[in-house]
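Written out below as structure tokens is the structure these notes cover.
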Amino acid sequence: PTTPEVPTTPEVPTTPEVPTTPEMPTTPEVPTTTDLPNAPDAPRTPVVPNDMPKPKPPVPKAQTLSKGANAAVASQAAGAALISAQMNATTAHFAELRSGKDKGGVWTRTYGAKQRLDTGTSRAFTQQLNGLEIGADTAVSLDDGTLYVGGLIGEGRGRQDFGEASKGTIDSTTLGGYASYLDRSGLYVDGALKYSYLDNTINITSNMGDKVKADYKNHAVSADVQLGKHIELGQGWFTEPQVGMQVAHISGGHYTASNGLSVEQDSMVSVQSRVGGTLGRDLQLANGVAVKPYAKATWVTEHAGDSHVKVSGAKLDSRLPGSRAEMAGGVMVKAADKHNVFAEAGYTKGNNIKQPWAATMGYRYNW
């Protein structure tokens with residue numbers, strides 16, 4: 001066997017390096033003093049606004065009115081329409097005075113009509129009219145013509161249907177006077193002045209089925225003047241062009257309904273101008289009876305008619321129907337110079353008013 005190798009002498013380890021002295025940390029910088037914030041500005045004194053106009057309260061639409069408010073507005077217009085219809089029935093009598101050469105007489109006349117009216121604020125409604133008038137007059141002979149002076153009394157009623165189980169009634173009692181002058185040239189002037197006492201009743205059925213009632217009284221003064229001329233055309237034919245003016249003042253009404261609803265109606269003024277004419281013919285029958293058929297047309301313009309109604313403090317507008325056309329036809333029959341019979345039927349249509357029919361019939365006995 002081989003001789004084993006002699007191990008080598010191990011190396012002596014080197015002396016380790018002495019560590020260096022660590023650097024001392026630098027002194028930190030002293031922070032600078034921070035700037036203080038500026039003092040806030042003092043608040044400015046607010047500007048006081050000028051007086052601003054108060055906004056107008058919204059005007060309720062017709063569809064949103066309660067039954068009581070709707071009837072209150074419509075009832076006011078119904079009274080004015082009744083007064084106008086009654087005056088038209090009175091002035092129709094003047095044509096009889098121009099039909100003969102009597103010394104005056106006594107007369108009676110009945111009238112009726114159906115109207116559909118719309119005030120613009122209330123819902124449209126219908127009114128049925130009827131009434132009776134009785135009067136008497138005397139004739140005064142003048143150098144150039146004849147003057148008739150007379151008086152009348154009358155009773156009338158208007159029945160309103162406001163819809164929705166709401167109805168009304170207006171009863172009127174009338175006292176008036178009239179005068180008519182017929183010149184020999186055919187020129188004539190007619191005038192009438194009337195006072196009417198109005199008794200109003202409103203009946204409403206609430207949505208709960210309760211009966212609500214209200215009633216009130218008011219007054220009306222109305223006047224009418226007409227100017228025209230009777231023109232002979234030959235062979236019995238004649239025409240009468242005419243202009244006129246009708247004025248009415250209806251006082252306000254105040255009431256509290258049975259359910260506590262408070263209503264204050266302002267007064268209402270109606271001013272109507274009229275222009276139109278009549279065409280007719282005088283016919284003499286073999287038995288001595290005189291017959292006078294005629295047709296007439298008139299244009300009516302309403303120049304006023306605005307008013308207000310307060311319902312539990314809420315102010316509502318109210319206005320009368322506007323301009324309209326009136327057409328009518330009739331006949332006068334005269335027998336033995338003592339008895340006159342009169343009948344007329346008419347139709348009216350215009351702005352917010354329609355009168356499908358109107359009828360007047362009368363009798364006059366000459367002195």
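Table for the structure above
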item: Most mobile listed residue (L285, L187, L129) in the chain, GNM with C-alpha springs under 10 Å; result: L285
item: Value of relative contact order over segment 307-367, rounded to a whole percent, pairs C-alpha under 8 Å and six or more apart; result: 28 percent
item: Most mobile of A214, A77, A335 in a GNM of the chain (Cα contacts under 10 Å); result: A335
item: Choice from V289, V300, V189 showing the highest fluctuation, given a GNM over the chain with Cα pairs closer than 10 Å; result: V289
item: Centre separation in Å (Cα based) which lies between segment 271-336 and segment 135-183; result: 13 Å
item: Contour excess over end-to-end distance, with Cα ends at V106 and Y365 and 0.36 nm allotted per residue; result: 92.7 nm
item: Whole-number percent relative contact order across segment 62-366, with pairs defined as alpha carbons under 8 Å at least 6 apart; result: 17 percent
item: Separation in nanometres of the label points that stand 7 Å from Cα toward Cβ, at T126 and K211; result: 2.4 nm
item: Inter-label distance for V271 and T173, nm, one decimal - labels placed 7 Å from Cα along Cα-to-Cβ; result: 3.2 nm
item: Listed pairs K114/K167; K213/K349; K67/K349 exceeding 23 Å between Cα atoms; result: K213/K349; K67/K349
item: Whole-number percent relative contact order across segment 236-367, with pairs defined as alpha carbons under 8 Å at least 6 apart; result: 19 percent
item: Degrees separating the helix 67-91 axis from the principal Cα axis of the chain, which is the longest one; result: 20 degrees
item: Projected area, mean over directions - the chain, Cα convex hull, nm²; result: 58.0 nm²
item: Whole-angstrom gap from segment 206-221 to segment 228-267, using each part's C-alpha centre; result: 24 Å
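Here, each number is a calculation from the coordinates, and none is a lab measurement. Predicted model only: the values in this text are computed from it and were never measured. Quick reminder, even Gly has a Cβ in these numbers, built from the backbone with ideal geometry, and neighbours come from all protein chains shown.
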